[in-house]
Amino acid sequence: MTTRLLALLMLLHPAPQTAPAAPAAPEHATIAVATIADRARGLTRQDGFLPYYWDARKGQFLLEISRFGEEFLYGAGLAGGAGLLEASLDRGQSGALGVCRFERSGPRVLLVQLQTTQMSGADDPERARAVAESFPISVRASMPVEAEEGGRVLVDATAFLLADSQVLPILRASRVGDWKQDVARSAIHFDRTGAFPRNTEIEAVQTFVCDNPPPAVAAVLPDGHTMSLRAHHSFWKMPEPGFRTRIFDPRVGIISVRRVDHAARFTEPIEKYLTTRWRLQKKDPSAAVSEPVQPIVYYLDRAIPEPERTAIRQAALWWNHAFEEAGFRNAFVLKDLPEGATFLDARYSGIEWINRAERAWSVGDIQVDPRTGEILHGVARIDSHRRRTTARMWRNLQPPERGRACLAGDAPDLAFLAAGDPDAGEEKLVLERLAYLSAHEVGHTLGLEHNWAATTFGWGSVMDYLAPHIEERNGALDLSDAYPRDIGSYDRLAIAWAYTAEEDPARLDAIIRAAYAKGIVYPLESDPRWAEYDWGPDPVRWLATTQAVRRVILDHFGAGQLQRGEWVSSLQERFNLAYLYHRFGIQAAQQFVGGQFQTGAVAGDGQTPVAWVPAAKQKEALDLLLAALEPENLDIPDRILAALVPEPSGTAPTRERFASDAGPAFDRLTAARTLAALIVDPLLDSERAARLSLASGPDALTLDAALGRLVQSTWGARADGSERLAGLRRVAQRETLDAMMDLAARAETAPEVRAVVFARLERLRSELRARTPADPAAAAHVRQAVRDLSDFLEKPETRKPRARRIEAPPGRPIG
Ligand SMILES: [Zn+2]
């Protein structure tokens, strides 16, 4: 496909290819420009893929262009990040690569990005032209010609290099004030600018100003309103021909490139998905396992501190275990990044360290040849804050007065934690989590997508979102198998399938079948097994497991876990990790209610394309969710409440803290409301309700039956033992009522669903009308519910879903 395409594009633009030394073309003849020798007198030529000169006197960056019409890759990225959670502008963030070429147009040279999704794929130039002319191209730059000589021209690229193409759209989409670029305060940044044989890299400081940045944004700007970022331009030589494309298979999660092939016969799909992978060829093609001709070489950021550095390095190398099985020895090589080098330079792929002040994501980025799917460059960016989230979680797990000798006696599996330095256990857990994160992000840069169903077959994949696997045993916590210590069976399958030298479709299919026969699965993202931060063969049972662990965590939680001198307010920073410890168990169970198993089935592979979750499993999930909604499970002990004090005056607030209807006082009812909403709202999602209304059969969990159970366990529950529990019950009742009214009011709710919900609401109103509780708070609560129900049922204009008033503290990323 590759070489045929190149030939085609040459056919379309033959003149510059065959006659590069034709400076006196008629349309340029009248333009009086200097020779390059004259213009560049006294300037130093930087030789490389795209040579350049810097004219310091005039402040002009001059590119020397000779190969008109020849294709190359161009992309823009960010070398310096904005340090913001609100807008995704990170250090080392790279944009997609586009296939480009330079075209001469009178006194200017255009940088033209070609169409790579719409492919003609045909040898016939007329058919190819018809495809090319049916879709647009993008002119990325128009640069004035400064000098010309012997087929080469010098263009002034300064304006193009200084102009922003990526930051303003992101700031605009993030709604963080009215930003504009100040070009006068933008300049070329020479530390990271250079021309090399295969690439030319140019960096520019671009300055953006805003009169009204939100406080969180203003806080990271030295002067409060000016943001100067470094943009990075990369011009890369096209990769050598010879890369073998591999057609995507829906049973293995490899990142794919979509192409529309207009030469495909009408009996074949017009869309083709190519898998992304590195070019890996055996040195000895006859050997079962061989060294590669060229290994995949990664570099480790010099900024990563120890002991994190060692953990990150070792886990990245786990991938060699998979490459061995794919037939390659030492396929993945990890070196230290040379001093002063940047991962934006095409020559350096690797693992980069991103400093963050708050909880945020790590990412694995790849840059691919859009024509073939060949990965040309990959950077795994590990966020520095993950260690802190893990450490907070670890602190929550500890019994009060940590390091006590009785720990080992109570739970043998915790012995390693109690032995010697009490911090050793914490560090071990934090480093294991970081190691897995390293393997995960590097996995993305090898072309792998997520597989969130992989914990259903053990530590099946580091490409899952992994929660620590912690179980409660006899009142203690077992952390002995908290994190994986290698890549999983699915990871080995994905690498074996994507990288094997085997090309025969039947043999590739056999690799997948053999793995699936051992219980490996890669279902669709909409399958309920696709559950993040869960563990075990049954994601529904994970809710029960996390409930049990949560009870132990809440028993331990409190000032007793603090060391002498620590601020007690720090407890509020990690209380959400304790109180909402089961939130991903809740999410996993919700997915099974009205859930449908869905596979990327291929005809003849024996997989069941779709199957509803059995009714008994759906009911089990619902029962566990309703149990989580019981007042005892919404409650917070007074012992903990007595220690939840906000941050000291004059210090910055944390977003880890629960919102409170009671202002600075921690409000246990607001916290309960937050938790109740996490349980009930997703259950009453419009699409889930529509799926439940499709259920049939004598034992089916219908929408009406599910609503009946929800109403029964909240409004129909027997009187609670104490006023405190009764108050929490009212929180669950109110949340149920509001969520049902929201479901009925939403525009996207199906008419069948709306009818069932209205019938349930009417029934609830008549039951509540008959109630006259003696307790004044309970009576007021019931009267309010009847009033709201009557308004909702009788006045259509009041039927609007609630606006989200209080957000739960962040849940992801965690683990
Ligand atoms: Zn990921």
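Numerical summary
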| read-out | value |
| --- | --- |
| Amide N proximity, the range 685-717 versus Ala770 label position 7 Å along Cα-to-Cβ, cut-off under 14 Å | 716 |
| Degrees, to the nearest 10: 776-794 long Cα axis against longest axis of the chain | 50 degrees |
| Computed lengthening from Val568 to Arg67, 0.36 nm per intervening residue step minus Cα-Cα distance | 173.7 nm |
| Built amide H within the under 5 Å cut-off of Val368, gap 5+ | Leu97, Leu376 |
| Among beta bridges that DSSP assigns inside the chain, antiparallel share in %, nearest 5 | 80 percent |
| Distant-in-sequence amide H partners of Gly48 (H built 1.01 Å from N, under 5 Å) | none |
| The range 749-792: trypsin sites (Lys or Arg not before Pro) in DSSP coil with no more than 14 other Cβ atoms inside 10 Å | Arg771 |
| Modelled FRET efficiency - R0 41 Å, Arg265 with Gln294, Cβ distances, 0.05 increments | 0.65 |
| Extension reserve of the Gln46-Ala514 stretch, reckoned as 0.36 nm per residue once the Cα distance is removed | 163.1 nm |
| Hypothetical label at Lys283: residues of the range 317-360 whose amide nitrogen lies under 13 Å (7 Å Cα-Cβ projection) | 328-332 |
| Amide hydrogen neighbours beyond the local backbone of Leu78, cut-off 5 Å, H modeled | Gly92, Gln93, Ser94, Gly95, His232 |
| Relative contact order for the range 447-553, counting Cα pairs under 8 Å that sit 6 or more residues apart, in percent | 39 percent |
| Whole-number accessible area per residue in Å² for the chain, which is evaluated in the context of all protein chains at 1.4 Å | 43 Å² |
| Normalised contact order of the range 630-738, rounded percent, pairs of Cα under 8 Å and 6 or more residues apart | 33 percent |
| Rounded percent of accessible protein surface that carbon and sulfur make up, the chain, 1.4 Å probe | 53 percent |
| The range 299-339 - charge dipole about Cα centre, Lys and Arg +1 at Cβ, Asp and Glu -1, debye rounded to 20 | 80 debye |
| Phi-based couplings in Hz for the range 154-166 (Karplus 6.51, -1.76, 1.60; Gly and Pro marked x) | 9, 10, 8, 9, 4, 4, 4, 5, 8, 6, 6, 10, 9 |
| Calculated FRET efficiency for the pair Thr226/Asp623, C-beta based, R₀ 56 Å, to 0.05 | 0.50 |
| Label-to-label distance, nm, for residues given as Arg718 and Glu427 (7 Å Cα→Cβ offset) | 5.4 nm |
| Contour excess over end-to-end distance, with Cα ends at Lys180 and Arg507 and 0.36 nm allotted per residue | 112.2 nm |
| Cα-centred dipole magnitude for the chain, charges only on beta-carbon of K, R (+1) and D, E (-1), debye, nearest 20 | 840 debye |
| Relative contact order of the chain, defined on C-alpha pairs under 8 angstrom at six or more residues apart (%) | 8 percent |
| Cβ-derived FRET efficiency at R0 30 Å, Arg812 paired with Ser142, nearest 0.05 | 0.10 |
| Expected-Rg normalisation [2.2 N^0.38 Å, Cα atoms] applied to the chain | 1.09 |
| Label point 7 Å beyond Cα of Lys800 along Cβ direction - residues of the range 674-698 with amide nitrogen under 19 Å | none |
| Using alpha-carbon coordinates, inclination of helix 723-745 to the longest axis of the chain, degrees | 50 degrees |
| 0 to 90° range, to nearest 10: angle between helix 539-556 axis and the chain longest Cα axis | 70 degrees |
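The values are calculated or read from the model by the stated rules, or taken from the named source; none is laboratory data. The model shown is predicted, which means the values in this text are computed figures rather than measured ones. In this analysis, Cβ positions are derived from the backbone assuming ideal geometry, glycine residues included, and neighbour counts consider all displayed protein chains. Just so you know, the surface numbers come from the protein's heavy atoms only, side chains and all, with ligands and any DNA or RNA stripped out. Shrake-Rupley method; radii C 1.70, N 1.55, O 1.52, S 1.80 Å.
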